[in-house]
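Single-structure report; data block below.
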Amino acid sequence: MKFMIIAILIIAMSMLDSCRPKEQTPANVILIIGDGTGFNQLQAGSLFLHGKENALRMFEFPVQMAVSTYSSEGQGYDPQKVQADFDYLKQKPTDSAAAATALATGVKTYNSAIGVDVNKKSVVNYFELAEKAGISTGVVTSVPFSHATPAGFVAHDTSRSNYHQIAQEMIDSSAVDVIFGCGHPWYDEDNQKLREPHYSYISAEVWDGVQSGRARSDADGDGDADPWTFIDTRAQFVSLQTGDAPLRVLGIAPVASTLSANRSGDSTQTAPFMPAPNSLSPTLAEMAAAALNILDDNQQGFYLMIEAGAIDWACHANHSARLVEEVIDLDKTLQTVINWVESHSNWEESLVIVTADHETGFLTGPESGEIAVTEGHRADYKPLVNRGIGQLPGMEWHAKGHTNQLVPFFAKGAGSERFLDYATRTDPWRGKYIDNIDIPTVIKAYLER
């Protein structure tokens, strides 16, 4: 009788397991990072664009939670201290390099590190795993291509400031298929041609090698070095959104550091898009569309990182109008990605993630700070003030640098429910949250399919 009961239980458990929906494994992973983007940054864009909160496209995604971002130099995240001390969130935040390394490798490291651990040893990034599996890879950013976030997904260096070495590794040593960003040595912040080049983000030697068509790295694994197809005009980016595409494309927008965020204009401007964004720069959405068209030629799939990097630059400057511009560009880029999934792929084979590396600027609603209570004081975080469509919401900046607050996380598509398994912690303001290294942990499992 005992053995019969055990047999029945085994059969029953087997039947239950067979009834569970099989978890989908994505062929394509698209990770969108809003650099410096906290919850209030998204609400600023939503209030300006729609006159209400939570109206951007990512808020329609089924998986929503928060993410802790601290680096190896940080002190973790303590909700009780967030409530008790308004200045707690300013203490020991991550930088973009450590955050990118965490998101790209699953390893927490020191601030300024690019693809290396706390002992300054190189760690494998998951682009490298993808490439070994025959999966295509690419990075797209609205800031210099050798800046911290794209570099963290491709390169290995002890300091994010070594732009020339990082650019050389990305271009001459990696197997990545698409690199799109800013940092053109021949242009200023307004798309104006310079008399002499400024090699801030790429060395003259590597630049000249790209121009000459020199090939040094093997992208397709056939043992032969694969040259880059180089583009640097908006028309060229747009032309790659459809039709046949080259194997590898290096695209540097005709601008010094950001697509438009650093263009000339009054730093106290109160209206977004005035003056108008740089017309000769491609938009982040146009760059993303071109990258998708290039990468989707691989039947094995692809892993693409898209960074709305200039959100961070606007927040460092406490520039509210430019922040709203960049968040709107992030939303348009996400819409472009959604359109691609629904017209060229489907949600059963593609996974789209939207998150951030950290928050910048300590953005809150007006009159936030510490308030007196019976037992002393506590932090008081006010929401942004809705002033209607087309009007900058009421907001207040409390820092020029990064903070340690939780950042948003959204996911939709194949395998997106797996992230919920890691949401074991709860914040009184943001609800369930994961840590930033949980994100690559899930992605890695899919890349090793």
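List every residue pair whose Cβ atoms sit under 7 Å apart, with the two residues 6 or more apart in sequence or on different chains, where the first one lies in the range 129-150 and is surrounded by fewer than 24 Cβ atoms within 10 Å (Cβ to Cβ) and the second, anywhere, is basic (Lys, Arg).
These pairs meet every condition: Leu129/Lys444.
Restricting the range 13-43 to residues that are more than 19 Å from the chain's Cα centre (by Cα) and acidic (Asp, Glu), which is modelled with the lowest pLDDT?
Asp17
It is to be established whether one or more residues within the range 69-91 are under 30 Å from Trp340 (Cα atoms) and either among the basic types (Lys, Arg) or at pLDDT 95 or above (or both).
For the range 69-91, residues under 30 Å from Trp340 (Cα atoms) and either among the basic types (Lys, Arg) or at pLDDT 95 or above (or both): present.
Are any residues in the range 167-177 among the hydrophobic types (A, V, I, L, M, F, W, C), crowded, with 24+ Cβ neighbours inside 10 Å and assigned to a loop (DSSP other than H, G, I, E, B), and if so, which ones?
Once the filter is applied, which keeps residues that are among the hydrophobic types (A, V, I, L, M, F, W, C), crowded, with 24+ Cβ neighbours inside 10 Å and assigned to a loop (DSSP other than H, G, I, E, B), the range 167-177 yields only Val176.
Of everything in the range 350-369, what is assigned to a loop (DSSP other than H, G, I, E, B) and either among the aromatic types (Phe, Trp, Tyr) or closer than 27 Å to Gly413 by Cα (or both)? Give them in sequence order.
Scanning the range 350-369 gives Ala356, Asp357, His358, Phe362.
Taking Asp266 as meeting all but one of (1) out of contact with any helix residue (DSSP H, G or I) (no Cβ under 8 Å at 6 or more places or on another chain); (2) in contact (Cβ under 8 Å) with a residue 40 or more places away in the chain, write down the number of the exception.
All conditions pass for Asp266, except number (2).
Could you tell me how many of the residues in the range 232-253 are within 24 Å of His344 (Cα to Cα), surrounded by 15 or more Cβ atoms within 10 Å (Cβ to Cβ) and not aromatic (Phe, Trp, Tyr)?
Result for the range 232-253: 12.
Anything in the range 290-310 that is touching a strand residue (DSSP E or B) at 6+ places or on another chain (Cβ under 9 Å) and more than 17 Å from Val139 (Cα to Cα)? List them, or say none.
Of everything in the range 290-310, just one residue is touching a strand residue (DSSP E or B) at 6+ places or on another chain (Cβ under 9 Å) and more than 17 Å from Val139 (Cα to Cα), namely Gln300.
Please determine whether any residue of the range 73-90 is out of contact with any Gly (no Cβ under 7 Å at 6 or more places or on another chain) and buried (at least 24 other Cβ atoms within 10 Å of the Cβ).
So far as the range 73-90 goes, no, none of its residues is out of contact with any Gly (no Cβ under 7 Å at 6 or more places or on another chain) and buried (at least 24 other Cβ atoms within 10 Å of the Cβ).
Name the one entry in Asp190, Asp220 that is acidic (Asp, Glu), assigned to a loop (DSSP other than H, G, I, E, B) and over 24 Å from Ser264 (Cβ atoms).
Asp220
Given (1) farther than 26 Å from Gln299 by Cα; (2) of a type in the set (Gly, Ala, Ser); (3) assigned to a strand (DSSP E or B), identify the lone condition not met by Gly181.
Gly181 satisfies every listed condition except (1).
Search the range 122-166 for residues being more than 24 Å from Val327 (Cβ to Cβ) and in a strand (DSSP E or B), and hand back the single one that is farthest from the chain's Cα centre (by Cα).
In this case the residue turns out to be Ser122.
Yes or no: the range 216-230 includes at least one residue that is out of contact with any Leu (no Cβ under 8 Å at 6 or more places or on another chain) and among the basic types (Lys, Arg).
Yes, the conditions are met somewhere in the range 216-230.
Would you say Phe237 is assigned to a helix (DSSP H, G or I), over 23 Å from Gly134 (Cα atoms) and of a type in the set (Phe, Trp, Tyr)?
When the stated conditions are applied, Phe237 passes them.
Which residue is farthest from Glu53 (Cα to Cα), if the candidates are limited to the range 304-349 and must be part of a strand (DSSP E or B) and in contact with an Asp or Glu (Cβ under 9 Å, 6 or more places away or on another chain)?
Only one residue tops the list, namely Glu307.
Among the residues of the range 180-192, is any crowded, with 20+ Cβ neighbours inside 10 Å and either in contact with a Gly (Cβ under 7 Å, 6 or more places away or on another chain) or over 21 Å from Leu240 (Cβ atoms) (or both)?
Checked against the condition, which is being crowded, with 20+ Cβ neighbours inside 10 Å and either in contact with a Gly (Cβ under 7 Å, 6 or more places away or on another chain) or over 21 Å from Leu240 (Cβ atoms) (or both), the range 180-192 yields at least one hit.
So how many residues does the range 44-80 have that are outside any loop (DSSP other than H, G, I, E, B) and within 21 Å of the chain's Cα centre (by Cα)?
Residues that pass the stated criteria total 13.
Take the range 81-99 and flag every residue that is in contact (Cβ under 8 Å) with a residue 24 or more places away in the chain, of a type outside the set (Phe, Trp, Tyr), touching a helix residue (DSSP H, G or I) at 6+ places or on another chain (Cβ under 9 Å) and not in a loop (DSSP other than H, G, I, E, B).
Val82, Leu89, Ser96, Ala97, Ala98, Ala99
Within the range 114-121, is there a residue that is touching an Asp or Glu at 6+ places or on another chain (Cβ under 6 Å), surrounded by fewer than 22 Cβ atoms within 10 Å (Cβ to Cβ) and in a loop (DSSP other than H, G, I, E, B)?
Taking every residue of the range 114-121 in turn, none turns out to be touching an Asp or Glu at 6+ places or on another chain (Cβ under 6 Å), surrounded by fewer than 22 Cβ atoms within 10 Å (Cβ to Cβ) and in a loop (DSSP other than H, G, I, E, B).
The values are calculated or read from the model by the stated rules, or taken from the named source; none is laboratory data. Since the structure is predicted, the reported quantities are computational estimates derived from the model, not experimental observations. In this analysis, Cβ positions are derived from the backbone assuming ideal geometry, glycine residues included, and neighbour counts consider all displayed protein chains.
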